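The values are calculated or read from the model by the stated rules, or taken from the named source; none is laboratory data. Keep in mind it's a predicted model, so treat the numbers as computed, not measured. A quick note on method: Cβ atoms are made from the backbone with ideal geometry, for glycine too, and the neighbour counts reach across all protein chains shown.
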Amino acid sequence: MGLGFTYLFDTYPREITAEFGWTRASFSAAHASRLVALALASPLAGWATERLGPRAVLGTGLVVLGTVGLAFLRRETGVVQESRLARRASAGPTAPQ
């Protein structure tokens, strides 16, 4: 569901680091930690999908990530917020949160 966020990291690294005043190393560490979390959560997501079905897992993920995403979106400004809003608008109701 968060695959679009991966493309954001690859597309806008200069803009994101400049906006938040991060170094390239801290930006890369954040990206790496996200990938580690994804790798750790993938077996659980696979198990839940096999046991409960994709509709239940994706529906739950949509609600959880949407709620958390909106909570964090209230704190963001600039290019990160604009890119997330554009991604959600372009994908319509199926947009990952």
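Which residue pairs have Cβ atoms closer than 8 Å, lie 6 or more positions apart in sequence or on different chains, and pair a first residue in the stretch 54-69 that is of a type in the set (Ser, Thr, Tyr) with a second residue that is outside any helix (DSSP H, G or I) and crowded, with 16+ Cβ neighbours inside 10 Å? What qualifies is Thr67/Gln97.
Close Cβ contacts (under 7 Å, 6 or more residues apart or on different chains) running from residues in the stretch 21-50 that are under 14 Å from Asp10 (Cα atoms) and modelled with pLDDT of 80 or more to residues that are surrounded by 12 or more Cβ atoms within 10 Å (Cβ to Cβ) and of a type outside the set (A, V, I, L, M, F, W, C) comprise Arg24/Thr17; Phe27/Pro13; Phe27/Thr17.
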